[in-house]
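Some notes on the structure that comes next.
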Ligand SMILES: Cc1cc2nc3c(=O)[nH]c(=O)nc-3n(C[C@H](O)[C@H](O)[C@H](O)COP(=O)(O)O)c2cc1C
């Protein structure tokens, strides 16, 4: 198998990125973490940010990778600066075992669900005040520019 796209997405934001990658590279597998995907030469791993990193399902999958070319992608809701995305991506990159090569990485903002927004507002009102404008900006993401940025990064990597 040449290309596998393995991702986690609860509300569909990361899935938009995953679908665009699948179309672009003609992936033989596109879906949840599974052992079948470990047979691919190139593995695109997608996550949604939680505690400024990826979730345990994706972490567990990444830890099993060996000798692959790995492209990491993700969405995060609370901010949309390069610095913020780099910090999250770096915390995912350190999980990748040394036998692999990280060929590229891309992140963009993803709309935070109304349920999650209500939860933050209720439980951490000060934090909500601080990020509410960013959350509002996030309503329309991932948008076409985000997808184009992702595809450009994949072209640059030229797998
Ligand atoms: C439980 C939970 C925790 C989250 N933690 C973070 C976080 O630490 N940082 C962040 O920027 N966004 C966080 N988010 C927002 C999501 O990462 C963001 O909306 C993402 O685009 C969701 O992707 P999905 O639609 O593929 O599930 C959190 C969302 C949930 C539901």
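The values are calculated or read from the model by the stated rules, or taken from the named source; none is laboratory data. Here the structure is a predicted model, which is why all the values come from computation and not from measurement. So basically every Cβ, Gly included, is an ideal-geometry build from the backbone, and we count neighbours across all protein chains shown.
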- Query: If you check 55, 110, 138, which single one turns out to be surrounded by 13 or more Cβ atoms within 10 Å (Cβ to Cβ), within 20 Å of residue 7 (Cβ to Cβ), in contact with a helix residue (DSSP H, G or I) (Cβ under 6 Å, 6 or more places away or on another chain) and modelled with pLDDT of 95 or more?
  - Reply: 110
- Message: Suppose the filter is within 13 Å of residue 7 (Cβ to Cβ) and assigned to a strand (DSSP E or B); does residue 61 pass it?
- Response: no
- Query: If you take the residues in region 97-120 that are in a strand (DSSP E or B) and within 11 Å of the ligand (Cβ to nearest atom), which one is farthest from the chain's Cα centre (by Cα)?
  - Reply: 109
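Considering only region 59-79, state which residues are within 11 Å of the ligand (Cβ to nearest atom) and either over 25 Å from residue 145 (Cα atoms) or touching a helix residue (DSSP H, G or I) at 6+ places or on another chain (Cβ under 6 Å) (or both).
To start, the set of residues in region 59-79 that are within 11 Å of the ligand (Cβ to nearest atom) comprises 73-79.
Scanning region 59-79 gives 73, 75, 76, 77, 78, 79.
In this structure, is residue 21 within 16 Å of the ligand (Cβ to nearest atom), in contact with a helix residue (DSSP H, G or I) (Cβ under 8 Å, 6 or more places away or on another chain) and at pLDDT 95 or above?
Values: within 16 Å of the ligand (Cβ to nearest atom): yes; in contact with a helix residue (DSSP H, G or I) (Cβ under 8 Å, 6 or more places away or on another chain): yes; at pLDDT 95 or above: yes.
For residue 21, the condition - within 16 Å of the ligand (Cβ to nearest atom), in contact with a helix residue (DSSP H, G or I) (Cβ under 8 Å, 6 or more places away or on another chain) and at pLDDT 95 or above - is met.
With respect to residue 90, determine if the residue is over 25 Å from residue 114 (Cα atoms) and within 16 Å of the ligand (Cβ to nearest atom). Full working, then the answer.
On the way: over 25 Å from residue 114 (Cα atoms): yes; within 16 Å of the ligand (Cβ to nearest atom): yes.
When the stated conditions are applied, residue 90 passes them.
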- Filtered residues of region 54-81 (kept if over 21 Å from residue 99 (Cα atoms), free of Cβ contacts under 8 Å to residues at least 40 places away in the same chain and in contact with a strand residue (DSSP E or B) (Cβ under 8 Å, 6 or more places away or on another chain)): 76
